[in-house]
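Beneath this line is the structure, given in structure tokens, with notes to follow.
The values are calculated or read from the model by the stated rules, or taken from the named source; none is laboratory data. Keep in mind that what you see is a predicted model, and the values were worked out from it rather than measured. All Cβ positions, glycine included, derive from the backbone under ideal geometry; neighbour counts span all protein chains shown.
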Amino acid sequence: MTASTASLTIPVSLAKDLLTGAEWGPAETRDVLQRTADIKARPSRFASVLRNKHIALIFEKPSLRTRVTFEVGIQSMGGFVVFLDHTQARLGERESIPDVARNLERWVQGIVARVYEQRVLEEMAAANLTLGDVQGVLRGLLDEGVPVRDLVRIVESMTEQARSQQRDADSLLEAARIALGPTIGSLFAIDGTIPIITMAPALEQNLIGSMRTGERGRTLGIEAAVAESLVRQVARLTQESESRGATAVLLCATRLRLALRRLLKPSLPRLAVVGAGEIGGTTTLQTIGSVSDDILVAQ
């Protein structure tokens, strides 16, 4: 990059597809408009920011202005255009939409699509799971002792989850766990029965209400005194279970599971935290003890 050539900073995470425009907030939108003005005013400064990048243009609708402006814009910034004409045969008629997306991902660095139905964009985006996404989920499963032999079911559940608005790493992991529910249940069942530790409903709802999502994923935003009391109660119930010769799991609401495990793991690394949605309806549950909501007075 020469001193006279500007670098282009994309104002939105590369892990995020732009499908509706709502993915960008006001700040990102202003940044895009300002960057557009800069490029138009000084095009030579941006002449190589897409060097060695290939962008696929997929058009189901006949187009003149849209196609030409994208082609000219990409090429003027040093990129290469691959035009795919689908005006005669729509996406999904010859090959499935996920197959098209997965193949293009190997060859191009971006896709511009002008299609008739929004679902086409959503299916393409959902199929765009990266190897890193899959590896992250597999690591998360193995970290909690969950077998990953059923890779087909794991990837299918991830793809289905990715079609929703929640396709972050935590959501993909939890979707895979729910799909593997029978396997997870069998890990802890003794003669078809799972010894469990439950939580008082008021406590569980309070913890759900405190959940936060940040750089570390889902966490609980509770006071330190409440967290310490919660850990102590769970540790005591776990010890009582073991003294009876049973290894109990902590059962909680599915959406709370991962955040709760992150809180308990440093003190209770061997404790299994299982979401209610991961337990099959044919499994018998034996309650060993329950975490009281008395700890809420610590707030």
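Can you name the residue in the stretch 104-145 that is small (Gly, Ala, Ser) and touching a strand residue (DSSP E or B) at 6+ places or on another chain (Cβ under 8 Å) and, of all such residues, is farthest from residue 177 (Cα to Cα)?
Top of the filtered list is 113.
Being among the hydrophobic types (A, V, I, L, M, F, W, C), surrounded by fewer than 19 Cβ atoms within 10 Å (Cβ to Cβ), at pLDDT below 95 and closer than 24 Å to residue 133 by Cα, is that true of even one residue in the stretch 194-203?
no
Please enumerate the residues belonging to the stretch 207-223 that are in a strand (DSSP E or B) and over 21 Å from the mean Cα position of the chain (by Cα).
Residues satisfying the conditions do not exist here.
Can you name every residue in the stretch 44-56 that is at pLDDT 90 or above and not in a loop (DSSP other than H, G, I, E, B)?
44, 45, 46, 54, 55
More than 22 Å from residue 278 (Cβ to Cβ), of a type in the set (A, V, I, L, M, F, W, C) and within 29 Å of the chain's Cα centre (by Cα), is that true of residue 175?
no
So which strands (runs of 3 or more DSSP E) are wholly in the stretch 224-299 and hold at least 3 residues that are surrounded by fewer than 16 Cβ atoms within 10 Å (Cβ to Cβ) and at pLDDT below 95?
Answer list for the stretch 224-299: 284-291.
Can you go through 3, 22, 37 and tell me which one is surrounded by fewer than 15 Cβ atoms within 10 Å (Cβ to Cβ), modelled with pLDDT of 90 or more and of a type outside the set (Val, Ile, Thr)? Spell out how you get there, then give the answer.
Details: 3 fails: modelled with pLDDT of 90 or more; 22 fails: modelled with pLDDT of 90 or more.
Answer to the selection: 37.
Would you mind stating whether residue 153 is under 13 Å from the mean Cα position of the chain (by Cα) and not aromatic (Phe, Trp, Tyr)? Before the answer, list the steps.
Working: under 13 Å from the mean Cα position of the chain (by Cα): no; not aromatic (Phe, Trp, Tyr): yes.
For residue 153, the condition - under 13 Å from the mean Cα position of the chain (by Cα) and not aromatic (Phe, Trp, Tyr) - is not met.
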